[in-house]
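Have a look at the structure below before the remarks.
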Amino acid sequence: MMQWLTALARRAQGRDRDQDHILVTVTKVAGSAPRDAGAKMLVTATQSMDTIGGGHLEMRALEIARGMLARPATSPDQRRLERFPLGPSLGQCCGGVVHLSFERICHPFDDDFSLLQQRWHAGLDSWRLVPLDSNEKSILCDASGTWLAGADLPASLLIPAESSEPSALSACLKSRSCTIFIDAANQRWLLDPCLAFKPHLMLFGAGHVGTAIVQALAGLPCQVTWVDAREELFPAVLPANVRLEITDTPEALVERAAANVSFLVSTHSHAIDQLLCEQILRRAQFCWFGLIGSMTKRMQFEHRLQQRGIPAGRLRDMVCPIGLTGITGKQPAVIAASVAAQLLQVWEAFEQAEIDHAAKANATTATITSPATEPI
């Protein structure tokens, strides 16, 4: 996941510029389809990275992309939009309709991807605005529509700074969904949200289990902060969604962490584990907290933490042992697979709860602000 961005950021930094790429994006889906809008695949003459769902659709997309690459970069059709009925035209049982955009990435149109990757690593949402009816340079904006890089925002796309009536483009950006937008000049634009992964795991410990968990999470939609004092234990090459914190005071990271972070404590020292557990449980809020260990370790830690003033009720927020019930293997890779699945369940439930809360708040606001229907 996000291999396309890593590859294009490398290109923007002056590497791998010997060949052009085609960025394929699922722009719209109707009915059942292999992937949602926003899914991507990066194609070269000999390779592809990431996936738009596999099967006949992906094969056809590869054919189109490589056909585009076979033509000169100066040819006029460097961007195109295609519609694929999955059942009638491709024989796929999904039965829905998928719209794909094809975008040739070549120098100097690739120099914004490094900034995009930096923002993604920093947890910042960005938008790519790609003109589909011309070969003009695309535009990079932040989540509010403020220009960051690329071509200038044309008047047909400008978002009013202050207006009681938001523009259609403003509404598109607010929806956070990939879409095709037609501007005031009747030109088509791909509005492509490049949203940072919201689930964030702070993982303490670079031992065998910690390393296996990082490997298991490498392709999943999450950000990982990997913490240990022993720099020599970290691998030379990290997954794109992982950043390191090499520190002798990991408890300070707990204090500064965001409210919705998840914690997983798996260090080489029970003393460090206990210190981190205490700091985490003294926080007002977190998404999830897991401690590696057996039920025996849990009972020992509960006793020690209560002596340190942690209420018994708060200890219920500590998940120990970690992993899905029924998976008992103790090999690091087995533990990692079980914990990764557990975290996915937690994060999806957390996201749905936030969606439900926002919908309820919006419904309440609408009720309060709706005009009276009875004469006063």
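Values for this structure:
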item: Unmet criterion (only one of (1) at pLDDT below 85; (2) of a type outside the set (D, E, K, R); (3) surrounded by fewer than 14 Cβ atoms within 10 Å (Cβ to Cβ)) for Ser170; result: (3)
item: Of residues in region 241-262 being of a type in the set (Val, Ile, Thr) and touching a residue at least 24 places away in the same chain (Cβ under 8 Å), the one surrounded by the fewest Cβ atoms within 10 Å (Cβ to Cβ); result: Val242
item: Out of Ile335, Ile322, Ile292, Ile327, sole residue that is in contact with a helix residue (DSSP H, G or I) (Cβ under 9 Å, 6 or more places away or on another chain) and surrounded by fewer than 15 Cβ atoms within 10 Å (Cβ to Cβ); result: Ile327
item: Exclusive hit being out of contact with any Ser or Thr (no Cβ under 6 Å at 6 or more places or on another chain) and within 18 Å of Asp111 (Cα to Cα), set Arg35, Arg71, Arg79, Arg83; result: Arg79
item: Check on Gln78, at pLDDT below 90 and over 23 Å from Gln13 (Cα atoms); result: no
item: Top-ranked residue in region 24-78 [being assigned to a loop (DSSP other than H, G, I, E, B) and in contact with a Cys (Cβ under 7 Å, 6 or more places away or on another chain); ranked as surrounded by the most Cβ atoms within 10 Å (Cβ to Cβ)]; result: Ala33
item: Condition check for Val265: in contact (Cβ under 8 Å) with a residue 24 or more places away in the chain, touching an Asp or Glu at 6+ places or on another chain (Cβ under 7 Å), surrounded by 15 or more Cβ atoms within 10 Å (Cβ to Cβ) and within 15 Å of Leu343 (Cα to Cα); result: yes
item: Filter result for Leu23 (within 16 Å of Leu190 (Cβ to Cβ), among the hydrophobic types (A, V, I, L, M, F, W, C) and modelled with pLDDT under 90); result: no
item: Condition met for Phe286 (buried (at least 18 other Cβ atoms within 10 Å of the Cβ), within 28 Å of the chain's Cα centre (by Cα) and assigned to a loop (DSSP other than H, G, I, E, B)); result: yes
item: Pairs where the first residue, in region 68-80, is touching a residue at least 24 places away in the same chain (Cβ under 8 Å) and the second is in a helix (DSSP H, G or I) and surrounded by 12 or more Cβ atoms within 10 Å (Cβ to Cβ), C-beta under 8 Å, 6+ apart; result: Gln78/Met68; Arg80/Ile64; Arg80/Met68
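The values are calculated or read from the model by the stated rules, or taken from the named source; none is laboratory data. Please read these numbers as outputs of a predicted model, since none were measured by experiment. Here the Cβ is made from the backbone with ideal geometry for all residues, glycine too, and neighbour counts use every protein chain on show.
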